[in-house]
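The values are calculated or read from the model by the stated rules, or taken from the named source; none is laboratory data. Predicted, not measured: the structure shown is a model, and the values here were computed from it. Virtual Cβ from ideal backbone geometry, glycine too; neighbours counted across all protein chains shown.
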Amino acid sequence: MDCVSIALEIDRPVSAQPGMFEIPPLSGEFDLDVRVFSKLWRDVHDRIGRLPEKPARTDAEAKLAHHYMVSARNARVSFLSAHAATLYRRATANLTKFVYIDEVISSVRSLVPGLVPSAQLLEADAGRAQAHKEGYEIDEGLLLNHIIADPAAGTHFCHGHLLPRPESIELLPRYVRSGRVDLGGATLERIGEMSVVTLQNTRFLNAEDDSTLDALEFAVDLALMDRASRACILRGARVAHRKYEGQRIFGSGINLTHLYEGKIPFRWYIKRECGFVNKMYRGLASTLTSPDEITGETLEKPWVAQVDGFAIGGACQLLLVCDYVVASDRAYMTLPARKEGIVPGFANGRLWRFVGDRIARQAIQSERRIECASDEGLRVCDEVVPAGQTEAAAIAAADRFLESGAVSAVANRRGLRIGQETLDQFRQYLAFYARAEADCHFSPQLIGNLERFWTSRNRAA
């Protein structure tokens, strides 16, 4: 069953399948509905808890567990359709405080027991391979889908995730003094009036995973807050892989090893898109001003991407939020998300603006490889240079932004966003993405695709 089938099944009447719970009627009164629905979710979890763990279940037990989960999710959709906005307002003191995604979910867990998985359930699932997880995190996707779909709550959520992280603010004096900081999964250094962010996960060809997520967001925060720099460069580190040893690689997308092993939590996708990727595109917000393109006062700078080797998956997505892309004449781009069984972030909403609808569909749905030096590649890349000259070309491109004036560069990138992707358009896509990615992340199709296309390739290597 693929992720689309799972999503459709949630909307089927509960009486259509055996073993399902009846969804209680909504009263419309928040506290009363919390008591009634929380009892249902507690009963469902108790019944699932009495079954063997997922890998040891018989077909009949697996079917029964699935029916229980679908019943509970039907009830969650019913509850959230009525109360998501109220719930988020309670979690944020009526929209007066900005709350990071982890705290949002933690607050909801306390306010409505059973609506999202408990810390104990998440901890138990965290140690399992992806194929053996129960998929409780899908419920977090349903929650975020309904919260972000509400215009007021969703805008507030997006605004909060454009604020600099507290850890970044704490690191800023250190970066200002030294001009360099190593964050583990990324480094940041000042070169002249430029801040250079380098993704480094060299064991995995600079793939993105839990080790790079916070590091990249802290690096982007610092690059934008640093008053001594006026432009930014994004690149990949030199890797130690036997095939590419000593070469820079821009990025190989999501870490498929960790994905298969169950080490990529669902929240990772949302944190990435409304965190460092959106900050590169929209800049940093403040608590006192709106981040909206028309009236907002985000702190932003032009970004230059330096593409060496390849930009696969999420790395390709990053090119779509940069102002200028310099690539090696040997480099290429791919978006193999369909083969992996996931949604490629915001590429569905952005890539077509660069290469047109048909090529975007071929790249996303049919794994079309795009050479950076090709006609299609030059619709994403601004400049293609011989291998070994990308670093100098990227610095020269950033210098041109500085020569022409960073103020006008910022004004123009904001103006382009008004016609391309406003914050509200981003919010609407994020609401869709939260639910779609949750379903896909736990789809049997994802496991099947990884086993066919990834583990077999690794065995052959």
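Answer with yes or no whether T287 is β-branched (V, I, T) and touching a His at 6+ places or on another chain (Cβ under 9 Å).
Numbers: β-branched (V, I, T): yes; touching a His at 6+ places or on another chain (Cβ under 9 Å): yes.
In short, yes.
Could you say which residue among H45, H66, H132, H83 is in contact with a Lys or Arg (Cβ under 8 Å, 6 or more places away or on another chain) and not charged (D, E, K, R)? Walk me through it before giving the result.
Numbers: H45 fails: in contact with a Lys or Arg (Cβ under 8 Å, 6 or more places away or on another chain); H66 fails: in contact with a Lys or Arg (Cβ under 8 Å, 6 or more places away or on another chain); H83 fails: in contact with a Lys or Arg (Cβ under 8 Å, 6 or more places away or on another chain).
The conditions single out H132.
Just checking, how many residues over the stretch 73-103 are on the phi > 0 side of the Ramachandran plot and of a type in the set (D, E)? If you could, list the steps in order and put the result at the bottom.
Our first condition is that a residue be on the phi > 0 side of the Ramachandran plot; within the stretch 73-103, this holds for 93-95.
Subsequent filtering for residues that are of a type in the set (D, E) retains none.
Matching residues across the stretch 73-103 total 0.
Check whether at least one residue in the stretch 154-173 is touching a residue at least 40 places away in the same chain (Cβ under 8 Å), aromatic (F, W, Y) and either more than 18 Å from Y100 (Cα to Cα) or not in a helix (DSSP H, G or I) (or both), and report yes or no.
Within the stretch 154-173, not a single residue is touching a residue at least 40 places away in the same chain (Cβ under 8 Å), aromatic (F, W, Y) and either more than 18 Å from Y100 (Cα to Cα) or not in a helix (DSSP H, G or I) (or both).
For the condition closer than 22 Å to I169 by Cβ, modelled with pLDDT of 95 or more, of a type outside the set (G, A, S) and assigned by TED's automatic domain parsing to the domain that holds G345, what is the one hit in F218, F250, F266?
Exactly one residue qualifies, and that residue is F218.
Which residues, taken from the stretch 270-290, are farther than 30 Å from E391 by Cβ, surrounded by fewer than 23 Cβ atoms within 10 Å (Cβ to Cβ) and in contact (Cβ under 8 Å) with a residue 40 or more places away in the chain?
Within the stretch 270-290, the first condition is being farther than 30 Å from E391 by Cβ, and the residues that meet it are 270, 274, 285-290.
Cutting the leftovers down to surrounded by fewer than 23 Cβ atoms within 10 Å (Cβ to Cβ) gives us 270, 286-290.
Result: I270, S286, T287, S290.
Does A285 count as closer than 24 Å to E371 by Cβ, small (G, A, S) and out of contact with any strand residue (DSSP E or B) (no Cβ under 7 Å at 6 or more places or on another chain)? Outline the logic, then answer.
On the way: closer than 24 Å to E371 by Cβ: no; small (G, A, S): yes; out of contact with any strand residue (DSSP E or B) (no Cβ under 7 Å at 6 or more places or on another chain): yes.
No: the conditions fail for A285.
Which of the residues spanning the stretch 206-228 are of a type in the set (S, T, N, Q) and buried (at least 24 other Cβ atoms within 10 Å of the Cβ)? Quick ask: steps written out before the conclusion?
Narrowing the stretch 206-228 to residues of a type in the set (S, T, N, Q): 206, 211-212.
Within the stretch 206-228, N206, T212 meet the criteria.
Report yes if some residue within the stretch 27-35 is closer than 17 Å to S118 by Cα and at pLDDT 95 or above; otherwise report no. Please lay out each step first, then the result.
Here is the first cut: in the stretch 27-35, the ones closer than 17 Å to S118 by Cα are 34-35.
Narrowing the set further to residues that are at pLDDT 95 or above leaves 34-35.
Looking for residues that are closer than 17 Å to S118 by Cα and at pLDDT 95 or above, one finds at least one in the stretch 27-35, hence yes.
Please determine, by comparing only the residues of the stretch 191-234 that are part of a loop (DSSP other than H, G, I, E, B) and among the acidic types (D, E), which one is farthest from the chain's Cα centre (by Cα).
Quick first cut of the stretch 191-234, residues part of a loop (DSSP other than H, G, I, E, B) only: 192-193, 200-201, 205-207, 209, 226-230.
Of the ones still in play, those that are also among the acidic types (D, E) are 193, 209, 226.
Values: E193: 29, D209: 11, D226: 25 Å.
Checked the stretch 191-234; the qualifying residue farthest from the chain's Cα centre (by Cα) is E193.
Regarding the stretch 395-413, can at least one residue be identified that is touching a helix residue (DSSP H, G or I) at 6+ places or on another chain (Cβ under 7 Å), under 28 Å from L224 (Cβ atoms) and either modelled with pLDDT of 95 or more or not assigned by TED's automatic domain parsing to the domain that holds A231 (or both)?
From the stretch 395-413, those touching a helix residue (DSSP H, G or I) at 6+ places or on another chain (Cβ under 7 Å) are 401, 409; that's our starting set.
Still in the list and also under 28 Å from L224 (Cβ atoms): 401, 409.
Applying the additional criterion that residues be either modelled with pLDDT of 95 or more or not assigned by TED's automatic domain parsing to the domain that holds A231 (or both) yields none.
Within the stretch 395-413, none of the residues are touching a helix residue (DSSP H, G or I) at 6+ places or on another chain (Cβ under 7 Å), under 28 Å from L224 (Cβ atoms) and either modelled with pLDDT of 95 or more or not assigned by TED's automatic domain parsing to the domain that holds A231 (or both).
Taking A434 as the residue in question, decide whether it is part of a helix (DSSP H, G or I), assigned by TED's automatic domain parsing to the domain that holds R272, touching a helix residue (DSSP H, G or I) at 6+ places or on another chain (Cβ under 9 Å) and modelled with pLDDT of 95 or more. Show your work before the answer.
Values: part of a helix (DSSP H, G or I): yes; assigned by TED's automatic domain parsing to the domain that holds R272: no; touching a helix residue (DSSP H, G or I) at 6+ places or on another chain (Cβ under 9 Å): yes; modelled with pLDDT of 95 or more: yes.
Considered against the rule, which asks whether it is part of a helix (DSSP H, G or I), assigned by TED's automatic domain parsing to the domain that holds R272, touching a helix residue (DSSP H, G or I) at 6+ places or on another chain (Cβ under 9 Å) and modelled with pLDDT of 95 or more, A434 comes out as no.
Looking only at the stretch 174-190, filter to residues that are assigned to a strand (DSSP E or B) and among the β-branched types (V, I, T); which one of those is farthest from the chain's Cα centre (by Cα)? Let's see the steps before the verdict.
First, the residues of the stretch 174-190 that are assigned to a strand (DSSP E or B): 180-182, 186-190.
Then keep just the ones that are among the β-branched types (V, I, T); that gives 181, 187.
Details: V181: 24, T187: 20 Å.
The residue in question is V181.
Name every residue in the stretch 282-319 that is charged (D, E, K, R) and touching a Cys at 6+ places or on another chain (Cβ under 7 Å), in order of residue number. Can you show your working first?
Of the stretch 282-319, the ones charged (D, E, K, R) are 282, 292-293, 297, 300-301, 308.
Answer for the stretch 282-319, where residues must be charged (D, E, K, R) and touching a Cys at 6+ places or on another chain (Cβ under 7 Å): just K301.
Looking for whichever is charged (D, E, K, R) and surrounded by 14 or more Cβ atoms within 10 Å (Cβ to Cβ) here; the options are R358, R413. Which one fits? Lay out the reasoning, then the answer.
Numbers: R358 fails: surrounded by 14 or more Cβ atoms within 10 Å (Cβ to Cβ).
Going through R358, R413 in turn, just one is charged (D, E, K, R) and surrounded by 14 or more Cβ atoms within 10 Å (Cβ to Cβ): R413.
For A240, which of the numbered conditions (1) buried (at least 20 other Cβ atoms within 10 Å of the Cβ); (2) farther than 22 Å from G127 by Cβ; (3) aliphatic (A, V, I, L, M) fails to hold?
Failing condition for A240: (1).
Scanning for something within 24 Å of L222 (Cβ to Cβ) and at pLDDT 95 or above, does the stretch 343-361 turn up at least one residue? I'd like the intermediate steps shown before the answer.
If we filter the stretch 343-361 for residues that are within 24 Å of L222 (Cβ to Cβ), which is where we start, we get 345-346.
So of that shortlist, the ones also at pLDDT 95 or above come out as 345-346.
Yes: one or more hits.
Which residue pairs have Cβ atoms closer than 7 Å, lie 6 or more positions apart in sequence or on different chains, and pair a first residue in the stretch 311-333 that is under 16 Å from S374 (Cβ atoms) with a second residue that is modelled with pLDDT of 95 or more and basic (K, R)?
Short answer, once both residue conditions are applied: Y332/R369.
Inspect the stretch 299-309 for any residue being under 29 Å from G388 (Cβ atoms), in a helix (DSSP H, G or I) and of a type in the set (S, T, N, Q) and give the result as yes or no. Quick ask: steps written out before the conclusion?
Keep residues of the stretch 299-309 that are under 29 Å from G388 (Cβ atoms), which gives 301-309.
Keeping just the survivors that are in a helix (DSSP H, G or I) gives none.
The answer is no, given that none of the residues of the stretch 299-309 is under 29 Å from G388 (Cβ atoms), in a helix (DSSP H, G or I) and of a type in the set (S, T, N, Q).
Are there helices (runs of 4 or more DSSP H) fully within the stretch 41-130 with at least 1 residues that are of a type in the set (S, T, Y), within 26 Å of the chain's Cα centre (by Cα) and assigned by TED's automatic domain parsing to the domain that holds L26? List them. If you could, list the steps in order and put the result at the bottom.
Values: elements: 59-91, 101-111, 119-126.
The helices (runs of 4 or more DSSP H) meeting that bar are 59-91, 101-111.
Give the residues of the stretch 134-155 that are surrounded by 22 or more Cβ atoms within 10 Å (Cβ to Cβ) and closer than 13 Å to C274 by Cα, sorted by residue number.
Passing the criteria: L144, I148, G154.
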